[in-house]
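All remarks here apply to the structure that follows.
Rule-based calculations on the coordinates, nothing more; no lab input. Everything quoted here is computed from the prediction, not taken from an experiment. Note: ideal-geometry Cβ built from the backbone for every residue, glycine included; neighbour counts use all protein chains shown.
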Amino acid sequence: MDKARIHETLRRLRAEFPLQARMEIAPEQAQEVYAEILGAWVTEGRAPQENRFPPDIVQYLVGLDAIAKSSQGLACYPFSIKNTGIEVHWGHSTVAAMCAIDALAIPALARSPTTIHAACAHCGQAVEASVGELPPRAIIALPDRCFVYYGTPVNLSGKGCCDGLCTGIVFLCASCADPTALPVLAMDEAVAVAEDFFAFQMNLLTIHT
Ligand SMILES: [Zn+2]
Ligand SMILES: [Zn+2]
């Protein structure tokens, strides 16, 4: 596990998507509703409907790109409403994650062993990863090893992070990944990045739900 690589990836991710910084300065009431939306995903394993929450706060959170609206309910990073090709299973729930790093944040949020099904973004080979419930999280990847590639975001202006940044954060199979390239993370490194990036959500859930 390369600490410098984890640190550099976190720095880049927080610069390109300052979700934590935005939520920390959001009004208390918005933080509370955000925690309720997130908590609904974690406990119900699916998107909560918009009409459960105050419309003005939902709109405010959409403006921050902390959540995304659709006819099927509210998406909330790391949980997606669209089919992203990254499926995450725990307990009786199956959800789509916004991206590969987001998928690896879900075991900590769900407090459950979790299995991820995705495909190598380069060759399409199926990849599967099982992540243990407690740190240090045991990671079993099939076929043998897989990696996370953090690509360059495409023109983010006016788009949600999920449409410009997350689309480039993908899984690669061992034959397609060059593990020495900086934007390529080993699975344990990607889990460390994911948990640190989303750690503020655990705090919000503890305080507000
Ligand atoms: Zn591949
Ligand atoms: Zn993402």
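The table that follows gives values for the structure above.
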read-out: Descending semi-axes in whole angstrom, ellipsoid equivalent of the chain, from the Cα gyration tensor; value: 27, 18, 16
read-out: Förster radius 22 Å - calculated FRET efficiency between L134 and L10 (Cβ-Cβ, nearest 0.05); value: 0.55
read-out: Helix 100-110 vs. the chain, principal-axis angle (Cα, 0 to 90°, nearest 10); value: 60
read-out: Degrees separating the helix 187-197 axis from the principal Cα axis of the chain, which is the longest one; value: 20
read-out: Relative exposure of M1, M187, M98, M23, judged by other C-beta atoms within 10 Å (fewest first); value: M1, M23, M187, M98
read-out: Computed FRET value (nearest 0.05) for A174 with R111, which takes r as the C-beta separation and R₀ as 35 Å; value: 0.75
read-out: Rounded tilt (10° steps) of 3-16 against the dominant C-alpha axis of the chain; value: 40
read-out: Inter-part distance where the stretch 68-108 and the stretch 12-42 are each reduced to a Cα centre, Å; value: 16
read-out: Calculated FRET value between N51 and K159, using beta carbons and R₀ = 30 Å, to 0.05; value: 0.70
